[in-house]
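> Attaching a single structure in structure tokens format; questions to follow.
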């Protein structure tokens, strides 16, 4: 554990932020190569994902037919908003940027499914040609090849975010959220394929509308196990999330940098293989695996996710009092900022008092204060960035600009939610009691 950097003292009512010039006033602006431009890189990523989307949707439509594709699309989209809302709720303390989440969702829905469909098909054909047994090739493909290929393809999105969006990947919660968005996208496209095939089978048997095969497939994949793919991939996300917590001077740090994500990926593959194997070999095995493995692991990961979120809130309540002591925050603010209920109440109070701009200012204040708390926490753990002082000054600057609206709202919320002791009214008048005759 390392000592955090000292908090800048608040020496006057209006601090001097001369060390944080506006971008337009920067004297030196290094020239960037064309390919290093953010706009160019974003364009390349969007174009690549768009090509993958067109390719995978064309393949799925060819496999299922236009009518099967539309039916599968309509049914597969139903659990997506609920799953995304659940992962977004988990990420409310320090929300990840939407561009990162959209990248994870698009990668899962288009890029990873395209990789998986080609790799799985190639592997099954190769096994079939070697063994001359198409039946065993299909079983091996489902239980061995598919888990390895699919979890690797999904895990690639989380690894890319870990490497290139490191500032937005700070712990297990971020790993879970990125894994959840990626796997939800993957399950969405896969469900279109399975439900479209099921609808085609029903049409071959002369069923009108949704037949028994489509209903059974919908029940098994959308009702019973919508969390299956997010559950598998969450193990990979947790591995990288725990890597993000490693202090700079941790023992065996280099070993753990490789061991934790590798262990998470192998566990994801193993649980995926167990799930696919249970569905392949016997219906009773599916029920046993569902009850004895999937539900307990889902419960364990749910508990871990909630515990991680509470730990983030405890980090806020532990780090921000230093800034309150220095005068940057009111003394009740750290306790309000470490409660999701108090945060929501503060935004509501500001909305009633100042309208939508006031609510937006309080929300921005909460976001900047949360980022400041985690910045200081990482510094305490020995993960001090070279630009720590500049980033800290910039965050304090943003807080100061919104303090007039946000501070009273958060103080009110801290008292209204019981986060702090509220004194009798006459004590707030400096000893004078207007209620005493």
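Computed from the coordinates by the stated procedures, all read-outs in this text should not be read as laboratory data. Everything numeric in this text was worked out from a predicted model, so none of it was measured. FYI the Cβ positions are ideal-geometry reconstructions off the backbone, even for glycines, and counts take in every protein chain you see.
> Want the number for residue 253 to residue 42: 0.36 nm per residue separation, take away the alpha-carbon distance, what's left? Provide the component values of the computation, followed by the final result.
Working: separation 211, 0.36 × 211 = 75.96 nm, distance 3.25 nm.
Length gained between residue 253 and residue 42: 72.7 nm.
> Using Cα centres only, tell me the gap between the range 132-197 and the range 289-342 in whole Å.
28 Å
> Sort 115, 316, 59, 51 so that the residue with the fewest other Cβ atoms within 10 Å of its own Cβ comes first and the one with the most comes last. Walk me through the intermediate numbers first.
Details: 115 19, 316 24, 59 16, 51 13.
Neighbour counts put them in this order, fewest first: 51, 59, 115, 316.
> Return the distance in nm (one decimal) between the two label points of a simple spin-label model at residue 322 and residue 389, each offset 7 Å from Cα along Cα→Cβ.
Going from the residue 322 label point to the residue 389 one covers 1.5 nm.
> Angle between the Cα long axis of helix 228-244 and the longest principal axis of the chain, 0 to 90 degrees, nearest 10?
The two axes meet at around 40 degrees.
> Hey, what number do you get for the chain at 222 nm if only DSSP H runs of n ≥ 4 count, each worth -39500 (n - 2.57), divided across all residues, to the nearest 500?
Details: 17 runs with 303 residues, N = 437.
That comes out to -23500 deg cm²/dmol.
> OK, next. If we count other beta carbons within 10 Å of each Cβ, what is the order of 404, 381, 347, fewest first?
Working: 404 10, 381 17, 347 22.
Starting with the residue having the fewest Cβ neighbours, the order is 404, 381, 347.
> Which angle from 0 to 90°, rounded to the nearest 10, does the C-alpha axis of helix 388-416 make with the longest principal axis of the chain?
On a 0 to 90 degree scale, this one is about 80.
> Report the extension gain between residue 136 and residue 416 in nm, rounded to one decimal, defined as 0.36 nm multiplied by the number of residues separating them, less their alpha carbon distance. Before the final figure, lay out the partial values.
Details: separation 280, 0.36 × 280 = 100.80 nm, distance 6.47 nm.
Net length gain for the segment: 94.3 nm.
> Compute the FRET efficiency between residue 144 and residue 341 as 1/(1 + (r/R0)^6), taking r as their Cβ-Cβ distance and R0 = 56 Å, and round to the nearest 0.05.
On the way: r = 47 Å, r/R0 = 0.85.
Calculated transfer efficiency: 0.75.
> If we count other beta carbons within 10 Å of each Cβ, what is the order of 126, 303, 328, 107, fewest first? Let's see the in-between values first.
On the way: 126 13, 303 10, 328 22, 107 28.
The fewest-first ordering by Cβ neighbours comes to 303, 126, 328, 107.
> Same structure, new question: GNM on the chain, C-alpha springs below 10 Å: top fluctuator among 327, 43, 180?
With Cα springs under 10 Å in the chain, the top fluctuation among 327, 43, 180 is at 43.
> Which angle from 0 to 90°, rounded to the nearest 10, does the C-alpha axis of helix 253-281 make with the longest principal axis of the chain?
Tilt of helix 253-281: around 40 degrees.
> Could you compute the FRET efficiency for residue 311 and residue 126, with r as their C-beta to C-beta distance and R0 at 45 Å, rounded to 0.05?
Numbers: r = 46 Å, r/R0 = 1.03.
About 0.45, to the nearest 0.05.
> Same structure again: Assuming 0.36 nm per residue, please report the length gained on full extension of the stretch residue 160 to residue 223 beyond their Cα-Cα distance.
Values: separation 63, 0.36 × 63 = 22.68 nm, distance 3.11 nm.
Gain in length upon complete extension: 19.6 nm.
> Which percent of Cα-Cα pairs in the range 164-256 sits in each 10 Å bin, short to long?
Each 10 Å bin holds this share of Cα pairs: 16, 31, 22, 15, 11, 5, 1.
> Run the simple label-point estimate for residue 201 and residue 51 please: 7 Å along Cα→C-beta, distance reported in nm.
3.6 nm
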